[in-house]
1. From the set of residues in segment 102-130 that are crowded, with 16+ Cβ neighbours inside 10 Å and β-branched (V, I, T), which is farthest from Q34 (Cα to Cα)?
2. Considering only residues of segment 182-198 that are surrounded by 14 or more Cβ atoms within 10 Å (Cβ to Cβ) and more than 19 Å from the chain's Cα centre (by Cα), which is modelled with the lowest pLDDT?
3. Checking N52 against (1) over 26 Å from A147 (Cα atoms); (2) under 16 Å from the mean Cα position of the chain (by Cα); (3) crowded, with 20+ Cβ neighbours inside 10 Å; (4) of a type outside the set (V, I, T), which single condition isn't satisfied?
4. Only one of A96, A138 is surrounded by 15 or more Cβ atoms within 10 Å (Cβ to Cβ) and either aliphatic (A, V, I, L, M) or more than 27 Å from E76 (Cβ to Cβ) (or both); which?
5. Inspect segment 67-78 for any residue being surrounded by fewer than 19 Cβ atoms within 10 Å (Cβ to Cβ) and under 25 Å from R186 (Cα atoms) and give the result as yes or no.
6. Which condition does E149 not pass, out of (1) surrounded by fewer than 19 Cβ atoms within 10 Å (Cβ to Cβ); (2) within 19 Å of S87 (Cβ to Cβ); (3) among the charged types (D, E, K, R), if it passes all the others?
7. Taking R110 as the residue in question, decide whether it is more than 27 Å from R42 (Cβ to Cβ) and charged (D, E, K, R).
8. So F164 passes all but one of these: (1) closer than 19 Å to E192 by Cβ; (2) within 15 Å of the chain's Cα centre (by Cα); (3) not in a loop (DSSP other than H, G, I, E, B). Which condition number does it fail?
Amino acid sequence: MTADVETRPVGPAELTVLADLFRSSRNTRHCWCQAFCTSRTRWALGWFGGGNRRQFEAVAAADPQPMGVLATVDGEPVGWAACGPRSRYPVATDPANSLTAVMERSEDDRVWLAPCLFVRPDHRGTGITYALVRAAVALAADHHAVAIEGWPVAGSDPPPGEEFVGREKVFADLGFRPLDRPTPNRVIMRRELAGRQPDGHVGTVS
């Protein structure tokens, strides 16, 4: 684990710092974590010309809950985890999405989702992803979520283009348990939130 990694929630005031991080990769520079937040057509149209960034900024300005968590090392942005109520992510709530069919729709406002993780290439393999997922769990608990979910890649070798959802081992190491394996490469995982301990850490899985 990187000794001096720090994490903090991302709201409107942090968007300039987040933009600095996203510029480090072609994908994040154009996507702005909108793949889960809008239709495929609108996401594709927003890929160039800044449409996805504008949509992200509009949601950040309108939603009182943070858009996710940012990781920094020595003040430099190095990682990002999108997270928020499941209802924020139309892809997760779409009944036609076979990946998320196991999710109970009545929980969409009370269960959080961490659908996307990004670590700057020069800081990968240093524990940043663990720090981000821990911070997402803590943020969900702070906002009274009853659980938090992810849909990482099963195993340790993600197919090209799917690295951004995380790896099963990271979620399992942090107390998430599998709900379903909708495809050979994907697992739906969940961690129940049983309250906060006095030291501020999230309590054990119930």
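1. The qualifying residue farthest from Q34 (Cα to Cα) is T126.
2. As a first pass, look at segment 182-198 and keep what is surrounded by 14 or more Cβ atoms within 10 Å (Cβ to Cβ): 182, 185-194.
After this cut, where a residue has to be more than 19 Å from the chain's Cα centre (by Cα) as well, the list is 182, 194.
Values: P182: 88, A194: 71.
This residue is A194.
3. Status for N52: all satisfied but (2).
4. Values: A96 fails: surrounded by 15 or more Cβ atoms within 10 Å (Cβ to Cβ).
The unique qualifying residue is A138.
5. Looking for residues that are surrounded by fewer than 19 Cβ atoms within 10 Å (Cβ to Cβ) and under 25 Å from R186 (Cα atoms), one finds none in segment 67-78, hence no.
6. E149 satisfies every listed condition except (1).
7. On the way: more than 27 Å from R42 (Cβ to Cβ): no; charged (D, E, K, R): yes.
Spelling it out, it is not the case that R110 is more than 27 Å from R42 (Cβ to Cβ) and charged (D, E, K, R).
8. All conditions are met except number (1).
The values are calculated or read from the model by the stated rules, or taken from the named source; none is laboratory data. Nothing here was measured: the structure is a model prediction, and the numbers come from that model. Every residue, glycine among them, receives a Cβ derived from its backbone with ideal geometry; neighbour counts consider all protein chains shown.
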